[in-house]
1. Of the residues that sit in segment 172-197 and are in a helix (DSSP H, G or I) and either at pLDDT below 95 or among the small types (Gly, Ala, Ser) (or both), which one is nearest to Asn220 (Cα to Cα)?
2. Being β-branched (Val, Ile, Thr), out of contact with any strand residue (DSSP E or B) (no Cβ under 9 Å at 6 or more places or on another chain) and surrounded by fewer than 16 Cβ atoms within 10 Å (Cβ to Cβ) is true for just one of Val84, Val44, Val60. Which residue is that?
3. Any residue in segment 172-191 that's touching a residue at least 40 places away in the same chain (Cβ under 8 Å) and closer than 20 Å to Pro120 by Cα: show its pairings with residues that are among the β-branched types (Val, Ile, Thr) and surrounded by 21 or more Cβ atoms within 10 Å (Cβ to Cβ) at Cβ separation under 6 Å, as long as the two are six or more apart or on different chains.
4. With respect to Val179, is the statement that it is aliphatic (A, V, I, L, M) and out of contact with any His (no Cβ under 6 Å at 6 or more places or on another chain) true?
5. Residue check: is Ser75 part of a helix (DSSP H, G or I) and without any contact (Cβ under 8 Å) to a residue 60 or more places away in the chain?
6. Looking only at residues that are touching a residue at least 40 places away in the same chain (Cβ under 8 Å) and assigned to a helix (DSSP H, G or I) in segment 34-53, which one is farthest from Thr275 (Cα to Cα)?
7. Quick one: Gly270 ticks every box in (1) crowded, with 21+ Cβ neighbours inside 10 Å; (2) farther than 22 Å from Ser372 by Cα; (3) modelled with pLDDT of 95 or more; (4) not hydrophobic (A, V, I, L, M, F, W, C) bar one, so which box is it?
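The values are calculated or read from the model by the stated rules, or taken from the named source; none is laboratory data. Since we're looking at a predicted model, the values are computed, not measured. Neighbour counts are summed over all protein chains in view; Cβ atoms, including those assigned to glycine, are modelled from backbone coordinates with ideal geometry.
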Amino acid sequence: MTAFNSTSNYGENAFIKNKPQMLQNIYNTTDVFPYWIADMDFQVAEPITQELNRLVERGVYSYEFSEQEVFEALSQWYSKRHGVSLSADKFVQVPGVLSGIALLLRQFTNEDDGVLIHTPAYHQFSNLVNKANRQVVQSPLCSDKQGYQIDFAGMEQQIIEQKVKAMIFCNPHNPTGRVWTSQDIEQVIEIAKRHDVLIISDEVHSDIIFEGHAFTSLTNFDYDKVITLIGSPAKTFGMHSISNGYVYTNNDELFEAFKTNVVAMYLDHGNAFSTFATVAAFEKGEEWLDGMLVYLQDTVKWITEFTEQRIPQLKVFQPQGTYQMWFDFSGLGFSGEELKNVVFEQAKMGLTPGDWFGAESPNFMRMNIATSRDNIEQSFNALADAIDGFERGSHTRSICCDSGASKSCC
Ligand SMILES: Cc1ncc(COP(=O)(O)O)c(C=O)c1O
């Protein structure tokens, strides 16, 4: 077994995902294993721990601003991992990816402007847009045998009809696990150019890419209205509570305007822990990341094989990246309440309900798989048993296979 199989013993109430009140609110029970939030149970790479220990042992916390070191490390990382050349002088540090998007929306769009997202979409995107008093414009993805695709014609129509001024483009896509190809991105950019739409590209999952797929950064394309939330170490290295966000654009005008705004609010400095841990992660964490990617892919394989045998009616979308897996339970024919009962209460799996990601996904659920295989195996066995038990019980249900949650176009 690899290091990833022994997940940290962090105590029951340590993190948001375990907080009883949180679980009670979401699942109506506290007795579930938390697969809902997109963070990791794995111990971070040793160089990160060493760096944090160094700072603690030093015991002196004088001001130190070393963001430039982070930008250098990030641009080297993007060059090495993704073949993209980024200038270390064109980054702006922000407190996190979401706060970065919130700031960008407020600065570069106006109240009531339409902001397009591809649904099912990471639920915080619509929260961000709503809280900025902009209008969420959904562009539903469509699914075929290959998985989810962008409905380009539908997207363009929405842009025209809903007066869209900006789009939040998520690559790799949360929750579906799609890694958009350069052809996909070219088409998105062509449409954005035609209608002068600002693209806010969220690349936070850019390093979690599975074999056979390649990540393409939007920083690589010839369109000057692109602002990118460069992958932060949060997702890549499991530094969710100790990392910042990094905004990048090749457009000098947008860069200067955004930087001026962020500096004016004194939001551009991280603390020493996040700064030096981030540098250590990008400079010395590659081997750990490669090990984790192998572990995650083996987990996906295990889940796929297990469900094919024990729960064949469950549709498993093969993730091309991210550590989120997206499942369609429609084929099991449960009502919404039955599904929750089987998954949450009987199998004790705290999956994220699909309707978080778009109102029409009640039969879908997302699972964070960045935990030990032992946990995963235990949960899926419990799920299969719960489904078998349900079938043997007095309940009747109609088997159906189309929830209508995703359009089958493209
Ligand atoms: C696509 C995406 N963007 C942003 C975030 C959150 O980033 P941060 O914690 O840096 O705000 C997440 C977390 O799950 C995410 O999946």
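1. Ser182
2. One residue alone meets the criteria, Val60.
3. Pairs that qualify, where the first residue is touching a residue at least 40 places away in the same chain (Cβ under 8 Å) and closer than 20 Å to Pro120 by Cα and the partner is among the β-branched types (Val, Ile, Thr) and surrounded by 21 or more Cβ atoms within 10 Å (Cβ to Cβ), are Pro172/Val179; Pro172/Thr322; Asn174/Thr322; Gly177/Thr322.
4. So Val179 fails the test.
5. yes
6. Glu46
7. Evaluating Gly270 over (1) crowded, with 21+ Cβ neighbours inside 10 Å; (2) farther than 22 Å from Ser372 by Cα; (3) modelled with pLDDT of 95 or more; (4) not hydrophobic (A, V, I, L, M, F, W, C) leaves (3) as the failure.
For every residue, the table says whether it meets (1) under 23 Å from Ser201 (Cα atoms); (2) of a type in the set (Val, Ile, Thr); (3) free of Cβ contacts under 8 Å to residues at least 12 places away in the same chain; (4) not in a helix (DSSP H, G or I).
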| position | (1), (2), (3), (4) |
| --- | --- |
| Ile227 | yes, yes, no, yes |
| His240 | yes, no, no, yes |
| Ser243 | yes, no, no, yes |
| Phe282 | yes, no, no, no |
| Pro319 | yes, no, no, yes |
| Gly331 | no, no, no, no |
